1. Hey, any hits in region 63-80 for a residue that's surrounded by fewer than 14 Cβ atoms within 10 Å (Cβ to Cβ), at pLDDT below 95 and of a type in the set (A, V, I, L, M)?
2. Looking only at region 146-168, count how many residues are closer than 18 Å to LEU125 by Cβ and in contact (Cβ under 8 Å) with a residue 24 or more places away in the chain.
3. Among the candidates SER152, SER131, which residue alone is surrounded by fewer than 16 Cβ atoms within 10 Å (Cβ to Cβ), of a type outside the set (D, E, K, R) and part of a helix (DSSP H, G or I)?
4. State which residue is surrounded by the most Cβ atoms within 10 Å (Cβ to Cβ) when the search covers only region 16-33 and only residues that are assigned to a helix (DSSP H, G or I) and at pLDDT below 90.
5. ARG167: basic (Lys, Arg), in the same structural domain as HIS21 (by TED's automatic domain parsing) and assigned to a helix (DSSP H, G or I), yes or no?
6. Would you please list the contacts, defined by Cβ atoms under 6 Å and residues six or more apart or on different chains, that run from a residue in region 190-216 that is part of a helix (DSSP H, G or I) to a residue that is of a type in the set (Ser, Thr, Tyr) and at pLDDT below 90?
7. If only one of ALA214, ALA228 is more than 19 Å from LYS20 (Cα to Cα), out of contact with any helix residue (DSSP H, G or I) (no Cβ under 6 Å at 6 or more places or on another chain) and surrounded by 14 or more Cβ atoms within 10 Å (Cβ to Cβ), which one is it?
Amino acid sequence: QKYIIDLAYSTAQEFVWGGKHKEAIPAALHALRFSAEVHGSNSVQLVPAYLLLAEASTGVGRLRQASSYLSQAQWIVLRTPGCSAAVQYTLHRGLGLFCAAEGNLEQALYHLANAVYLASSAFGLKSVETSGGYFHMANVFFRQNRMDVANSLYTEVTAIWHALLVRSLQAREQALKSPPFTEDGEVSEDRLSEAQRAEAIRVLNAVLDVREQAPKQQPGETARVLHALAMLYYLTGDLPKAGEVGLKAFTLVKQLPQPETLEAIGRLLTLINSKPS
């Protein structure tokens, strides 16, 4: 049963993080049903499934249904003493996204700020979870036309993903230098889950859109997003996309007064071109 719950939940999460909200709902419902059978209908173990359902429902515009799922999750958390920071983080994240969808932007920022604080406590300041909170806060500030704050948060989001992808790429390079393990090691050294990859692609492309459409261009920041995306596409095996985005990053960085990442991007392009597609 636990395997089925984990599979259903991770499938739903992958769909949600990839922006495919409609497809996520059946899998999230399965996760909820099996969790209730195993843990009981009032268990804190049901909270992640309720929150996924709320986010997926919000994504397809079913706000009343989303509100109902959020209320269930909130009720369980409130009556569970000593609820972990990780669970509270997911609740505040869900409430923040729901408030943003309703247009209640100040309340959304309140919940998302709490989500960032709780994610930092549970997962670390530079974690993917904390980055997600920053990203959603940046989107709210963007909607409020508070561009200075939004830009600084988008910069932090890019920095977190960039650092994580650099580490993953270094691990991949190490694995490629170990011939006996090359065949099997190629997936395991990449520390991103399928759901995290889906979120990274969605988040970094969204930040890239903001950077490329901004009235005041920041070529250094745009280049860093492009570099992160090139690493991500390489790690996921999309070599044509990795090459295209990597070349854009390389061209942009060459024009900067201090092209610090030029060597790293050049090395990545060599890796991309040396691997048979």
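The values are calculated or read from the model by the stated rules, or taken from the named source; none is laboratory data. None of the values given here were measured: they were computed from a predicted structure. We place every Cβ from the backbone using ideal geometry, glycine too, and count neighbours over all the protein chains shown.
1. yes
2. Counting residues in region 146-168 that are closer than 18 Å to LEU125 by Cβ and in contact (Cβ under 8 Å) with a residue 24 or more places away in the chain gives 14.
3. Of the residues listed, the single one that is surrounded by fewer than 16 Cβ atoms within 10 Å (Cβ to Cβ), of a type outside the set (D, E, K, R) and part of a helix (DSSP H, G or I) is SER152.
4. VAL16
5. The answer is no for ARG167.
6. Within 6 Å, no pair qualifies.
7. When all the criteria are applied, what remains is ALA214.
Quick grid of which residues meet (1) modelled with pLDDT under 85; (2) crowded, with 16+ Cβ neighbours inside 10 Å:
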position	(1), (2)
LYS177	yes, no
PHE181	yes, no
ASP190	yes, yes
ALA195	yes, yes
ILE201	no, yes
